[in-house]
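The values are calculated or read from the model by the stated rules, or taken from the named source; none is laboratory data. As the structure is a computational prediction, the values presented were derived from the model and not from experiment. Note that we place each Cβ from the backbone using ideal geometry, even for glycine, and neighbour counts take in every protein chain shown. Just the protein is used for accessible areas: all its heavy atoms, side chains included, with ligands, DNA and RNA removed. Shrake-Rupley method; radii C 1.70, N 1.55, O 1.52, S 1.80 Å.
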Amino acid sequence: MKLAAGWGLVSALLVLRVQADVTTEELSEIQNQTIQLVMEKLHQRDLPNGYRMTSIVKSVEELYSAGIFVNVEFLMKETSCRKHDWSKPDCKVVKNAKTYSCFGCFKFEYDSHTVISQVEECILLRHLNPGRKTRRNTLCKEVEMKVTGKTIGVYSFLRKE
């Protein structure tokens with residue numbers, strides 16, 4: 001019995017570990033676009049330094065008749081570069097850097113990848129608690145279920161009365 005429970009725990013940790021080791025090369029173009037949009041939003045804040053993505057916690061892409069849904073969560077750390085230079089590749093993470101937990105949920109149109117609906121947030125990692133995670137999931141579900149006038153493969157039938 002203990003062996004089965006032990007393997008179950010190891011399997012769960014392995015799944016979490018694999019999910020955390022996603023690299024940007026493994027992401028689709030639209031997932032990378034989502035991360036870029038969230039990073040740009042963070043750098044619009046009144047922050048003195050730039051931030052660099054250090055790890056991807058979660059990345060999901062789902063296709064719906066109403067568009068493409070993307071959900072990403074990642075960590076960003078403070079760099080030595082100024083805010084306006086945040087995208088330069090030579091920006092190095094500083095010692096004792098502030099770490100932000102960022103997430104973004106976006107719904108895109110199929111053909112143009114225009115944003116239909118979105119929610120994003122970057123907060124200091126120390127402020128991420130279970131209540132905040134629940135709120136993020138709720139907001140994300142609203143974006144995921146957003147329906148627009150454009151759909152693919154959906155037919156509607158009108159009944160004449």
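Quick look at the values:
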| quantity | calculated |
| --- | --- |
| Tabulated pairs, segment 32-46, first over 15 Å from Phe103 (Cβ atoms), second open to solvent by 70 Å² or more (accessible area, probe 1.4 Å), C-beta under 9 angstrom, 6+ apart or interchain | His43/His84; His43/Ser87 |
| Selection within segment 114-124 - open to solvent by 60 Å² or more (accessible area, probe 1.4 Å) and either outside any strand (DSSP E or B) or among the aliphatic types (A, V, I, L, M) (or both) | Thr114 |
| The lone exception for Arg52 - which of (1) open to solvent by less than 40 Å² (accessible area, probe 1.4 Å); (2) in contact (Cβ under 8 Å) with a residue 40 or more places away in the chain; (3) assigned to a strand (DSSP E or B) it fails | (1) |
| Given (1) open to solvent by less than 40 Å² (accessible area, probe 1.4 Å); (2) in contact with a Cys (Cβ under 9 Å, 6 or more places away or on another chain); (3) among the charged types (D, E, K, R), index of the condition Lys107 fails | (2) |
| Qualifying residue in segment 83-94 (condition: open to solvent by 60 Å² or more (accessible area, probe 1.4 Å), at pLDDT below 95 and part of a helix (DSSP H, G or I)) | yes |
| Considering residues of segment 95-104 that are free of Cβ contacts under 8 Å to residues at least 60 places away in the same chain and either part of a loop (DSSP other than H, G, I, E, B) or not β-branched (Val, Ile, Thr) (or both) only, the residue surrounded by the most Cβ atoms within 10 Å (Cβ to Cβ) | Tyr100 |
| Among (1) loosely packed, with under 10 Cβ neighbours inside 10 Å; (2) farther than 22 Å from Val143 by Cβ; (3) modelled with pLDDT of 90 or more, the one test that Met1 misses | (3) |
| Any hit, segment 72-82, residues being part of a loop (DSSP other than H, G, I, E, B) and either open to solvent by less than 40 Å² (accessible area, probe 1.4 Å) or in contact with a Cys (Cβ under 6 Å, 6 or more places away or on another chain) (or both) | no |
